[in-house]
1. Report, by residue number, each residue of segment 116-145 that is over 20 Å from the mean Cα position of the chain (by Cα) and of a type in the set (A, V, I, L, M).
2. I'd like to check something: does segment 82-97 contain any residue that is among the β-branched types (Val, Ile, Thr) and surrounded by fewer than 17 Cβ atoms within 10 Å (Cβ to Cβ)?
3. So which residues in segment 4-33 are part of a loop (DSSP other than H, G, I, E, B) and under 14 Å from the mean Cα position of the chain (by Cα), if there are any at all?
4. Among residues belonging to segment 2-28 that are of a type in the set (Ser, Thr, Tyr), more than 23 Å from ALA51 (Cα to Cα) and loosely packed, with under 10 Cβ neighbours inside 10 Å, point out the one that is modelled with the highest pLDDT.
5. Please go through segment 109-127 and give me each residue that is more than 16 Å from the ligand (Cβ to nearest atom) and within 23 Å of LYS30 (Cβ to Cβ), ordered by number.
6. Taking GLU106, is it more than 15 Å from the ligand (Cβ to nearest atom), over 18 Å from the mean Cα position of the chain (by Cα) and at pLDDT 95 or above?
7. Those residues that are more than 15 Å from the ligand (Cβ to nearest atom) and either closer than 16 Å to LYS30 by Cβ or at pLDDT below 95 (or both), I need them from segment 73-100; list them, please.
8. Return the residue satisfying two criteria in turn: it lies in segment 55-72 and is at pLDDT 95 or above, within 15 Å of the ligand (Cβ to nearest atom) and not hydrophobic (A, V, I, L, M, F, W, C), and of such residues it is nearest to the chain's Cα centre (by Cα).
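The values are calculated or read from the model by the stated rules, or taken from the named source; none is laboratory data. Source: prediction; values computed, not measured. All Cβ positions, glycine included, derive from the backbone under ideal geometry; neighbour counts span all protein chains shown.
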Amino acid sequence: MSNKEKNYSLIEIGSLAHLTQKEFNGEKGKFFLGKELGLTGCEVSLNSMLAGKSSPFVHSHKLNEELYIFLSGKGTFYVDGEEFTVQEGSMIRIASAGERSLKALEELSYICVQAQSDSLTQSTFNDGIKSQVEPSWIKNKDLAK
Ligand code: ZN
């Protein structure tokens with residue numbers, strides 16, 4: 001079965017601690033998963049921004065809202081004239097029209113998810129289908145105790 005016929009795609013990019021030294025799509029410290037994994041409903045980027053660095057511009061989107069999930073570090077986020085602190089545990093949803101930018105005060109690690117606004121019609125329990133197949137950890141769960 002070729003990769004295209006499988007119901008999953010997997011890549012390994014190694015330690016995320018080295019993300020700032022890597023260059024992806026012409027930008028340092030960024031790795032876009034969409035093309036690599038063949039995502040069809042969202043774009044996801046892994047990001048690392050060194051202390052003192054910042055987004056080179058302010059931007060908004062035509063169709064997509066963004067979710068920023070901050071994993072570590074500290075920074076200042078700008079949206080529509082407001083500036084606020086972001087750090088580990090900060091999660092921001094920004095509507096497509098929001099004009100945004102980011103500056104790292106301490107090295108920042110974050111994930112950004114882009115998806116088309118109003119495209120989500122169902123999720124989690126409304127979308128999941130419980131299957132009867134059993135991977136090894138379910139099949140052998142009594143043996144593992
Ligand atoms: Zn964006």
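1. Result: ILE129, VAL133, ILE138, LEU143, ALA144.
2. Within segment 82-97, the first condition is being among the β-branched types (Val, Ile, Thr), and the residues that meet it are 85-86, 92, 94.
Retained after the next criterion (residues that are surrounded by fewer than 17 Cβ atoms within 10 Å (Cβ to Cβ)): 85.
Yes; the residues of segment 82-97 include at least one that is among the β-branched types (Val, Ile, Thr) and surrounded by fewer than 17 Cβ atoms within 10 Å (Cβ to Cβ).
3. GLY29, LEU33
4. Per the stated criteria, the residue is TYR8.
5. Listed by number, the list holds a single entry, SER109.
6. yes
7. Hits for segment 73-100 are GLY73, GLY75.
8. If we take residues in segment 55-72 being at pLDDT 95 or above, within 15 Å of the ligand (Cβ to nearest atom) and not hydrophobic (A, V, I, L, M, F, W, C), then TYR68 is nearest to the chain's Cα centre (by Cα).
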